[in-house]
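Participant: Below is one structure. I have some questions about it.
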Amino acid sequence: MKFPKFESLILFENNDIIIVNKPPFLASLDERGAVGEVNLLRLAKQYWADAQICHRLDKETSGALIIAKTPEAYRTVSMQFERRKVDKTYHAVVQGHVIFDELTVDLPILNDGNRKVRIDREDGKRAETIFNSLKYYKHFTLVSCKPISGRMHQIRIHLATQRAVIVGDDLYKGKPLFLSEIKRGYRLSKNDEEQPIIKRFALHARRIVFKGVDGETIEITAPYPKDMETLIKLLDKFDS
C-alpha cells in the first residue's frame, strides 16, 4: 500500500516534537511477522534519525500521534502518558442511536498477549473512558471518546460493552456500512460489487493536548482522513 510522504503528515513540529496525522492502515511500529513492511517509525526515522514514537494507534485508527525528536522529549511525553496527563479525544461513528452524556466506563481490560483483549474484573488492568454523543443520525451516532488510561483496544471494547459498536469493527461485531443502506433508490451497476463506505473501523484520534519540553501546552486537532470525512458527509446527507 502506498502512503503519502512523511512531511505531508506533519501537523506540528518544533525542536523537540513532531505531531503527525497518521493515515489508516499504517502500523505505528514494527509488527510481528511484518518483515520489511513500511511503518510510521521507519518513515519518521528517514525524516529525523533520532525519532521515537511516544504512543501507539491501532493500525486501522487514523489521527494525531506524537513523535519525539530527542531523548529528553521522549522522556517528557512518556512521563505525561504514565501519569495520565495527556488529554486525548477520539471520534468514532457507532451503530445505533446512543445517548452518551459524560458517560464514564470504568471496566478493567486484560490483554493476554495473543491480541485477545477482554473485560476481566479479576485479572484485568484498570481502564477508564469518558463518552459523549456529538451528533445523532437516524441509524448511527458520532461519539467523542476520551480514554483516561491507554489499554489496547480500550475505546473499541468499552463501546462494545455499551452496545455501541464502531462501524466496520468486525472484531467487536461491528458491521460494514454500505451506501445502499442509507441512500434511497441506490442502484449498483449490474456487474459491480458494492464496497463499504469505509473499509476499516471508523475511529480517529481527533485531538491531543500535552506539555512540551519547555512546559508550554501543545494542543493539536487532526483533520479527518478522506474515508472518515466521506462517511460523515454521506451520513449528513442521507441519514440525518
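The values are calculated or read from the model by the stated rules, or taken from the named source; none is laboratory data. Computed from a predicted structure; not experimentally measured. Glycine gets a Cβ as well: all are built from the backbone with ideal geometry, and neighbour counts include every protein chain shown.
Participant: Can we say Tyr136 is closer than 24 Å to Ala222 by Cα, aromatic (Phe, Trp, Tyr), surrounded by fewer than 16 Cβ atoms within 10 Å (Cβ to Cβ) and in contact with a His (Cβ under 9 Å, 6 or more places away or on another chain)?
Facilitator: yes
Participant: Which condition number does Leu65 fail, the rest of (1) over 20 Å from Ile208 (Cα atoms); (2) touching a Ser or Thr at 6+ places or on another chain (Cβ under 8 Å); (3) touching a residue at least 40 places away in the same chain (Cβ under 8 Å) being met?
Facilitator: Among (1) over 20 Å from Ile208 (Cα atoms); (2) touching a Ser or Thr at 6+ places or on another chain (Cβ under 8 Å); (3) touching a residue at least 40 places away in the same chain (Cβ under 8 Å), the lone unmet condition for Leu65 is (1).
Participant: Let me ask something else. Please go through the stretch 29-70 and give me each residue that is farther than 30 Å from Leu231 by Cα, assigned to a loop (DSSP other than H, G, I, E, B), at pLDDT 95 or above and of a type outside the set (Lys, Arg), ordered by number.
Facilitator: Trp48, Ala49, Asp50, Ala51, Thr70
Participant: If you don't mind, there's one more thing I want to ask. Output the number of the condition that Thr70 fails; it satisfies all remaining conditions of (1) surrounded by 14 or more Cβ atoms within 10 Å (Cβ to Cβ); (2) within 23 Å of Glu7 (Cβ to Cβ); (3) in contact with a Lys or Arg (Cβ under 8 Å, 6 or more places away or on another chain).
Facilitator: (3)
Participant: Let me ask something else about it. Being surrounded by fewer than 20 Cβ atoms within 10 Å (Cβ to Cβ) and over 21 Å from Lys88 (Cα atoms) is true for just one of Ala49, Ala27, Ala44. Which residue is that?
Facilitator: Checking each option against the conditions leaves just Ala49.
Participant: Could you list, in sequence order, the residues of the stretch 141-180 that are part of a strand (DSSP E or B) and out of contact with any Ser or Thr (no Cβ under 9 Å at 6 or more places or on another chain)?
Facilitator: Scanning the stretch 141-180 gives a single hit, Ile166.
Results for (1) surrounded by 15 or more Cβ atoms within 10 Å (Cβ to Cβ); (2) of a type in the set (Phe, Trp, Tyr); (3) under 19 Å from Asp112 (Cα atoms), shown as yes or no for each residue.
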position	(1), (2), (3)
Ala164	yes, no, no
Val167	yes, no, no
Asp170	no, no, no
Ser180	no, no, no
Tyr186	no, yes, no
Glu194	no, no, no
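Yes/no matrix, rows are residues, columns are (1) in contact (Cβ under 8 Å) with a residue 60 or more places away in the chain; (2) not hydrophobic (A, V, I, L, M, F, W, C):
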| residue | (1), (2) |
| --- | --- |
| Tyr137 | yes, yes |
| His158 | no, yes |
| Arg163 | yes, yes |
| Ile166 | yes, no |
| Leu179 | no, no |
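Participant: Filter the stretch 1-24 down to the residues that are loosely packed, with under 12 Cβ neighbours inside 10 Å and touching a helix residue (DSSP H, G or I) at 6+ places or on another chain (Cβ under 9 Å), then identify the one that is farthest from Gly113 (Cα to Cα).
Facilitator: If we take residues in the stretch 1-24 being loosely packed, with under 12 Cβ neighbours inside 10 Å and touching a helix residue (DSSP H, G or I) at 6+ places or on another chain (Cβ under 9 Å), then Asn15 is farthest from Gly113 (Cα to Cα).
Participant: OK, next. Considering only the stretch 84-110, state which residues are part of a strand (DSSP E or B), buried (at least 16 other Cβ atoms within 10 Å of the Cβ) and without any contact (Cβ under 8 Å) to a residue 60 or more places away in the chain.
Facilitator: The answer is Leu103, Val105, Ile109, Leu110.
Participant: Kindly provide the set of residues from the stretch 211-240 that are of a type outside the set (A, V, I, L, M), closer than 27 Å to Asp169 by Cβ and outside any helix (DSSP H, G or I), ordered by number.
Facilitator: Answer for the stretch 211-240, where residues must be of a type outside the set (A, V, I, L, M), closer than 27 Å to Asp169 by Cβ and outside any helix (DSSP H, G or I): Thr221, Pro223, Tyr224, Pro225, Asp239, Ser240.
Participant: For residues in the stretch 7-28 being part of a loop (DSSP other than H, G, I, E, B) and more than 10 Å from Ala64 (Cα to Cα), which is farthest from the chain's Cα centre (by Cα)?
Facilitator: The extreme case among them is Asn15.
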